[in-house]
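Written below as structure tokens is the structure these notes are about.
The values are calculated or read from the model by the stated rules, or taken from the named source; none is laboratory data. Everything numeric in this text was worked out from a predicted model, so none of it was measured. We place every Cβ from the backbone using ideal geometry, glycine too, and count neighbours over all the protein chains shown.
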Amino acid sequence: MAEGLHAICIDEEKCVGCVLCMKACPTKAIRLRNDKAVIMDERCVDCGECFRVCPHDAVVSLTTSFSDLKLFKTTVAVPSPSLYTQFGWDVMPNQVLLALKRIGFEHVYDGAWMCEMVNAAIEEYLRRNPYPKPKISTVCPSVVRLIACMYPELIDHFIPMESPRELAAKLLRKKIAREFNLPPHEIGIIHITSCPAKMVSINRPIGLSKSYLDGAISINDIYGPLLEAIQEIDEDVILQQSSGVGLGWAMTGGEVAGLNMDNCLSVSGVADVIQILDDIESGKLKNIEYLECLMCPAGCVGGPQCVENRHLAKKVAGNFVKMFGEKSRVSRKMIVRLYNDGFFFAEKKVEKQTFPPLDTEPSRAIEKRKMMEEIIPKLGGRECGACGSPDCKSLARDIVMGVAEIEDCVFYRKKTSRGSDDRAS
């Protein structure tokens with residue numbers, strides 16, 4: 001796998017070829033070869049479903065190591081709001097921010113505050129640009145890549161704004177460089193994340209020529225040191241800026257709840273995301289103003305690199321919303337000024353990233369399509385995955401592409417073997 005191409009890989013020593021990851025992958029990006037799972041780079045959107053379902057820890061997440069912070073003169077932590085939900089009912093967001101400083105970050109920034117700012121900017125954008133409907137959030141990088149690959153005709157529905165994590169890094173790099181007289185490249189800005197897709201969005205950003213972030217550390221990698229540091233916190237310095245509006249972004253519906261607009265929807269989980277995108281593609285939901293899509297069930301609190309049970313974490317996030325208020329603390333005047341200055345907007349449009357065709361030559365692609373249609377009825381139709389492909393259609397495609405054989409289907413072998421036995425008798 002090319003470095004930086006994806007944030008997940010397969011540990012062949014641990015993989016037992018159980019096909020659970022292959023069956024869970026929404027883009028059919030996994031195959032079984034020589035009894036080991038193999039990720040097809042060109043089809044992977046880094047949703048983390050394989051990471052989530054593997055019972056053998058054979059799917060490895062490639063995020064930033066804490067030791068990498070030594071590469072910078074000063075470091076900044078930008079936590080996802082989901083981090084605040086991982087320590088139970090009694091630990092407040094401000095304690096988590098103070099703990100991040102205690103474990104080694106010179107600066108910390110309340111990532112939920114930028115979420116709150118983006119909420120206000122989205123409202124402004126929707127007022128000025130109501131069509132086409134529905135507008136679609138670009139916060140989840142896996143959803144963005146899924147749409148770019150499988151639903152390219154919906155690209156124009158994306159709201160052309162950068163994610164809160166990128167905008168926070170954009171703001172902080174200039175601010176810290178100015179205040180501490182440091183070259184911008186010597187400032188390490190690290191996102192604390194609940195999913196591996198954030199690492200890919202840093203290595204291969206969509207909408208930016210180069211990410212403003214320098215890396216992403218997973219919550220489960222930093223959880224132990226943070227938990228220990230939280231027990232030692234005795235300071236009363238206030239680092240948290242956000243209200244419940246920004247803190248709500250940790251869970252499904254948080255982004256939508258922060259909008260003072262009707263006719264907005266939020267969905268989470270691979271199956272529901274795909275279903276609603278199918279509906280939009282078929283012309284439904286035209287009266288919906290805005291759509292928040294998150295690949296992880298329950299939102300970022302359900303990310304594969306979280307520690308806490310997602311249902312409990314969602315409850316904690318809901319408590320924070322009530323505790324810190326459902327009214328935004330953001331200045332509308334400031335947001336309009338930043339909006340007009342172009343601060344929130346992506347550098348370029350999301351580009352179409354369709355999966356590789358059957359053939360670059362149209363006539364040969366048509367021939368291969370016909371071959372697939374002839375092969376599929378010969379297969380078992382059981383969609384079992386025993387052949388090493390996720391379903392019969394995928395096996396037929398693999399056969400015409402020359403990377404599989406029809407004999408890989410156990411039901412085809414059984415049927416042809418029975419026919420041979422009947423003829424022999």
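Here are the criteria: (1) closer than 30 Å to Gly244 by Cβ; (2) β-branched (Val, Ile, Thr); (3) free of Cβ contacts under 8 Å to residues at least 40 places away in the same chain. Tell me which single one Val53 does not satisfy.
Of (1) closer than 30 Å to Gly244 by Cβ; (2) β-branched (Val, Ile, Thr); (3) free of Cβ contacts under 8 Å to residues at least 40 places away in the same chain, only one is false for Val53: (1).
So, in segment 267-316, how many residues would count as being charged (D, E, K, R), part of a loop (DSSP other than H, G, I, E, B) and under 22 Å from Ser82 (Cα atoms)?
Qualifying residue count for the region: 1.
For Tyr223, are the conditions met, namely being closer than 20 Å to Phe344 by Cα, at pLDDT 95 or above and surrounded by fewer than 24 Cβ atoms within 10 Å (Cβ to Cβ)?
no
If I ask for residues that are in contact with a strand residue (DSSP E or B) (Cβ under 7 Å, 6 or more places away or on another chain), buried (at least 23 other Cβ atoms within 10 Å of the Cβ) and among the β-branched types (Val, Ile, Thr), which ones from segment 171-216 would you list?
Passing the criteria: Ile187, Ile189, Ile190, Ile192, Thr193, Ile202.
Report, by residue number, each residue of segment 303-333 that is exposed (fewer than 14 other Cβ atoms within 10 Å of the Cβ) and either β-branched (Val, Ile, Thr) or without any contact (Cβ under 8 Å) to a residue 40 or more places away in the chain (or both).
Asn309, His311, Ser331, Lys333
What are the residue pairs meeting all of these: first residue in segment 165-177, first residue within 19 Å of Gly207 (Cβ to Cβ) and assigned by TED's automatic domain parsing to the domain that holds Trp113, second residue among the basic types (Lys, Arg) and buried (at least 19 other Cβ atoms within 10 Å of the Cβ), Cβ atoms under 9 Å, and 6 or more apart or on different chains?
From segment 165-177, the pairs are Arg165/Lys198.
Taking only segment 209-223 into account, find how many residues are in contact with a Ser or Thr (Cβ under 9 Å, 6 or more places away or on another chain) and closer than 25 Å to Pro160 by Cβ.
The qualifying residues number 4.
Report those helices (runs of 4 or more DSSP H) wholly inside segment 74-158 carrying at least 1 residues which are surrounded by 19 or more Cβ atoms within 10 Å (Cβ to Cβ) and modelled with pLDDT under 95.
Ranges flagged: 141-150.
Do we have any residue at all in segment 175-195 that's within 20 Å of the chain's Cα centre (by Cα), among the hydroxyl-bearing types (Ser, Thr, Tyr) and farther than 30 Å from Lys315 by Cα?
Checking segment 175-195: not a single residue is within 20 Å of the chain's Cα centre (by Cα), among the hydroxyl-bearing types (Ser, Thr, Tyr) and farther than 30 Å from Lys315 by Cα.
Give me the residue from segment 334-354 that is in contact (Cβ under 8 Å) with a residue 40 or more places away in the chain and among the basic types (Lys, Arg) and, out of that set, nearest to His157 (Cα to Cα).
This residue is Lys349.
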